[in-house]
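Presented below is the structure to which this report refers.
The values are calculated or read from the model by the stated rules, or taken from the named source; none is laboratory data. Only a predicted model underlies this, so the values are computations on that prediction, with no experimental measurement involved. Reconstructed Cβ throughout: ideal geometry from the backbone, glycine too, with neighbour counts over all protein chains shown.
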Amino acid sequence: MDLKNTITQLSEAAGASGSEDDAAELALAMLREYCPDAAISGGNVIGSLGVHREGRLKLVLDAHIDQVGFAVTAITDEGFIKVGNIGGLDRRLLPAQPVVIHGKSDIKGVICSVPPHLTSGSAPVPEISDIAIDTGMSKSELEQSVSLGDSITFDVACRDLLGSRITGGALDDRCGVACLLYTLELLKGQETAYNVTVIFSVQEEVGERGAKTGAFTIDPDIALAVDVSFAYAIGEDESKCGYLGGGPMIGVSPSLSREISDSLMAAAEAADIPYQTEVMCGLTSTNADRYAVSRSGAKACTVSIPLRNMHTPVEVIDLTDVELTAKLLAEFIKEG
């Protein structure tokens, strides 16, 4: 499996929360290589690994397929598209960004930016209501292809950085999706200690909604949410961050299962896999929160991939971390 190519394909597929079809169909095709029964149910991509056996605990591997973006809220008489946010966007860097409006056909545009010559002093961080998109089209032309509520995503492709690092959009959490596919690749020919179900869940960025319905449907005993978390960059609080290249970040929190956290750490140490500990003092703001309280509750834990510049068009990951996370998951799942 070409891990970088898989991440690139997934990250460049459109799939803002609530409009995940393109990304989900791509992920479904990739998942069926390992889970022939994989299908889309309630928007989620769900597949079972091998034949489920009586008496084995049910384990879910979850990564969300959606990304942050915008929704069309109005088309002005001058032909500008007004928007609302889908998920938590970093508004500081929105001016001048290229975007794609996903209407009846894809239309490219740019977010308007006032030149510095026409501003006095430092420009304030724009409110989302201030954002307008210029496509070069008139209102009447836009209305032929664009409807209110259509999704908009950043127009960005993955690029290589030095070493094993890459940058792009929607690496949150398409790198997690790719990680789970690589986990399944590593488990080929291996006996597993659990009955494993994989779910690429929708609408995480607007309240972990896909995980909530998926958790109710699957009713797992154990749930591992594979998402991204903050990688240290200049100016950030190191105590709240992991490090690129440092390996998976294993979650520890009162809202998570300490038993599973400890078991993941033990599996990493036994296999000599470097890892980092991510301490959270309440909810995790990941899909693990949903699995932990669905029905009678699952033993949930987070396994996160360090990422810089979250919720921007220039997210940065280290491919080594994705690979190490997959190796840890495979070690935890395979029968000892």
Six or more apart or on different chains, Cβ atoms under 9 Å: show the pairs whose first residue is in the range 183-196 and more than 11 Å from L329 (Cα to Cα) and whose second is polar (S, T, N, Q) and surrounded by 12 or more Cβ atoms within 10 Å (Cβ to Cβ). N195/S48; V196/S48
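Of the residues in the range 266-297, how many are β-branched (V, I, T) and under 18 Å from Y243 (Cα atoms)?
Within the range 266-297, residues that are β-branched (V, I, T) and under 18 Å from Y243 (Cα atoms) number 3.
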Among the numbered criteria (1) in contact with a strand residue (DSSP E or B) (Cβ under 6 Å, 6 or more places away or on another chain); (2) surrounded by fewer than 23 Cβ atoms within 10 Å (Cβ to Cβ); (3) of a type in the set (F, W, Y), which single criterion is violated by F216? (1)
Can you find a residue that is in a strand (DSSP E or B), in contact (Cβ under 8 Å) with a residue 60 or more places away in the chain and touching a strand residue (DSSP E or B) at 6+ places or on another chain (Cβ under 8 Å) anywhere in the range 251-260? no
Unmet requirement for Y182, which otherwise passes all of (1) buried (at least 20 other Cβ atoms within 10 Å of the Cβ); (2) touching a Gly at 6+ places or on another chain (Cβ under 8 Å); (3) of a type outside the set (A, V, I, L, M); (4) outside any strand (DSSP E or B): (2)
Looking only at strands (runs of 3 or more DSSP E) that lie completely in the range 97-165, which have at least 1 residues being of a type in the set (F, W, Y) and modelled with pLDDT of 95 or more? 151-154
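Taking the conditions exactly as written (part of a loop (DSSP other than H, G, I, E, B) and assigned by TED's automatic domain parsing to the domain that holds S263), does G189 satisfy them or not?
yes
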